[in-house]
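One structure below.
Nothing in this text is a laboratory measurement; each read-out follows from the coordinates by a stated rule. These numbers were taken from a predicted model, which means no experiment stands behind them. Using ideal geometry, Cβ is built from the backbone for each residue, glycine included, and neighbour counts are taken over all protein chains shown.
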Amino acid sequence: MEKRFGILIVDSDEEFRKLFRGMLAGEKNYYIIGETADPRAAVEMADHRKPDAVFVEVVGLPEGMDVAAEILRRVPTTTVIITCTADACHDVRDTVREAMRIGVKDFLMKPFTVDEFRNAMRNTLGKKRVISVPDAPSSGHVVAVFATKGGVGKTTLAVNLAVALGEHTGRRVALADMDLEFGNAAALFGGQHPKASIVDLCQRPGRIDEGVISQVIERPTGYNVDLLAAPSSPEQAALVDGEGRQEQRNYVGEVLGVLRGMYPWVVVDTACNFRETNMTVLDQADTVLLLTTPDMLALRNTAACLDLLLGQLEYGEEKVKLVLNRYNSAVGITIGNINRGLNYQISFSLPSDAVTAVNAANTGIPFMKKRARNQLTERIVEIVEHLAGPQGKGNAKPAVGKARAFGLSLRR
Ligand SMILES: Nc1ncnc2c1ncn2[C@@H]1O[C@H](COP(=O)(O)OP(=O)(O)O)[C@@H](O)[C@H]1O
Ligand SMILES: [Mg+2]
């Protein structure tokens with residue numbers, strides 16, 4: 001008779017345990033030997049029942065890693081696999097490093113498919129295997145272009161930054177359009193709206209991986225940019241992060257996690273709100289370029305936004321870079337006034353140049369492609385060099401020092 005392998009599930013999510021049970025009900029080689037959400041009970045069950053494999057939730061179950069270590073100490077012959085949801089595991093590198101150290105054999109992102117389960121079992125049971133994390137974020141740097149107000153130039157900056165980063169580094173750069181309702185980054189490359197978009201990633205079952213992302217990526221000819229387009233109509237946004245999604249998953253987080261494993265640079269265009277998608281993008285970003293314009297309405301919103309990013313969300317000044325767009329000294333407000341008013345230093349200012357910006361949009365050729373030397377393009381090169389270093393090989397030092405505290409403050 002074929003051997004049947006006993007599986008112990010240690011997971012805080014009852015729903016997931018139920019799903020896992022259901023999945024194994026159809027498997028002739030595997031059966032559930034026990035399940036629990038309780039760390040102490042988990043160790044005891046493993047000790048008494050000697051499962052062939054144990055699936056232990058980490059992060060979501062804070063004691064998970066200790067449970068894995070203790071089970072491996074008591075039952076060294078068992079195979080331990082750690083699991084985590086994409087939302088909980090923003091940065092799995094440390095988790096995986098720790099898991100490898102204690103002898104965990106594999107890592108699965110929840111929810112996983114029966115094929116992923118079988119593969120993990122085939123590759124690990126009774127074998128020495130080095131843990132593999134296909135979608136663990138690698139070193140890709142995520143740059144979010146964000147603002148509190150529409151029309152300040154987010155898409156213009158995101159697109160031209162991606163084009164310039166691609167040229168400067170000689171590597172392909174991902175441009176993810178996460179303005180899910182009105183994303184129009186594709187339009188700045190001319191042509192029709194791409195056939196595939198992020199929606200196609202959210203409508204298929206199973207894990208989002210490099211293969212499926214490659215199928216929906218658009219590659220505008222002549223650029224080192226791979227574009228993940230926004231949905232083609234506003235109502236489709238709900239399929240990605242709203243009521244219409246097929247499973248309660250944070251698709252945006254999953255997509256960004258895979259993208260940063262595929263590309264050295266991921267530039268993200270955003271909408272102006274603090275809903276789930278943007279919170280995910282901002283959290284995952286290494287750099288947030290917070291765009292504002294030199295008018296009181298935009299500046300007031302920006303002040304409130306800085307409070308949120310630096311205060312409640314506790315992002316550092318290294319992460320949040322203020323970019324003043326459409327600056328023109330004739331508007332009667334100086335950069336010094338703005339720095340003082342916001343109590344935060346502007347890192348980059350881009351001049352108002354409607355001829356360059358609007359012409360590029362109308363012709364469908366991002367202005368950074370043409371390399372016309374003007375103040376706008378030169379200022380964008382400054383941002384690129386700040387991010388990628390003058391040689392395009394690494395991160396430069398921050399372009400500005402720490403924000404200085406000034407008296408007059410728009411921030412509450
Ligand atoms: N530096 C600039 N000078 C002049 N016009 C600009 C500049 N940056 C952007 N624009 C124009 O402002 C409008 C809004 O820009 P867009 O990038 O679509 O903003 P957002 O994505 O924030 O809504 C576009 O017509 C764009 O061409
Ligand atoms: Mg836009």
Rounded to whole Hz, the Karplus (6.51, -1.76, 1.60) HN-Hα couplings of the range 59-69, x for glycine and proline: 6, x, 9, x, 8, x, 5, 5, 4, 4, 5
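Quote the relative contact order of the chain in percent (integer), defining contacts as alpha-carbon pairs under 8 Å separated by 6+ residues. It would help to have the intermediate numbers written out before the result.
On the way: 774 pairs, mean separation 61.6, N = 412.
Worked out over the chain, it gives 15 percent.
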Kirkwood hydrodynamic radius of the range 141-388, from inverse mean 1/r over distinct Cα pairs, in Å: 18.2 Å
Distance between modelled label sites at T221 and R101, nm, 7 Å Cα→Cβ extension: 5.2 nm
Choice from D241, D286, D47 showing the highest fluctuation, given a GNM over the chain with Cα pairs closer than 10 Å: D47
Karplus-derived 3J(HN,Hα), 6.51/-1.76/1.60, for each residue of the range 261-268, Hz, glycine and proline x: x, 9, 10, x, 9, 10, 9, 10
Spin-label zone in the range 176-201 - amide nitrogen under 16 Å from a point set 7 Å from the Cα of V212 along the C-beta vector: 196-201
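Take every Cα pair under 8 Å in the range 5-124 that's 6+ residues apart, average their separations, divide by the length, and report that relative contact order as a whole percent. Let's see the in-between values first.
Values: 178 pairs, mean separation 27.5, N = 120.
Relative contact order, the range 5-124: 23 percent.
Considering every pair of different Cα atoms, what Kirkwood radius, in Å, is found for the range 218-334? Don't jump to the answer; show the numbers that get you there.
Working: mean 1/r = 0.0605 Å⁻¹.
Answer for the range 218-334: a Kirkwood hydrodynamic radius of 16.5 Å.
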Label-to-label distance, nm, for residues given as D115 and R275 (7 Å Cα→Cβ offset): 3.2 nm
Segment R171-R371, length gained on full extension (0.36 nm per residue, minus Cα span): 70.2 nm
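Does the range 1-77 come out rounded, prolate or oblate, given a ≥ b ≥ c as the square roots of the eigenvalues of its C-alpha gyration tensor, rounded meaning a/c under 1.5 and, failing that, prolate meaning a/b above b/c? Intermediate values should be presented prior to the final figure.
Numbers: a/c = 2.38, a/b = 1.23, b/c = 1.94.
It is oblate, given that a/c is not under 1.5 and a/b is not larger than b/c.
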Centroid-to-centroid separation of the range 155-203 and the range 297-348 [C-alpha atoms, Å]: 25 Å
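Given R₀ = 41 Å, what would the calculated FRET efficiency be for R204 paired with T334, taking r from the Cβ atoms and rounding to 0.05?
On the way: r = 52 Å, r/R0 = 1.27.
Calculated value: 0.20.
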Note, ³J(HN,Hα) from phi for the range 176-186, Karplus 6.51, -1.76, 1.60, rounded to Hz, x at Gly and Pro: 9, 8, 9, 7, 5, 8, 10, x, 9, 4, 4
CD proxy at 222 nm, helix term only [per DSSP H run n ≥ 4: -39500 (n - 2.57); per residue of the chain; nearest 500]: -11000 deg cm²/dmol
Inter-site label distance for R40 and E14 at 7 Å from Cα along Cβ, in nm: 2.1 nm
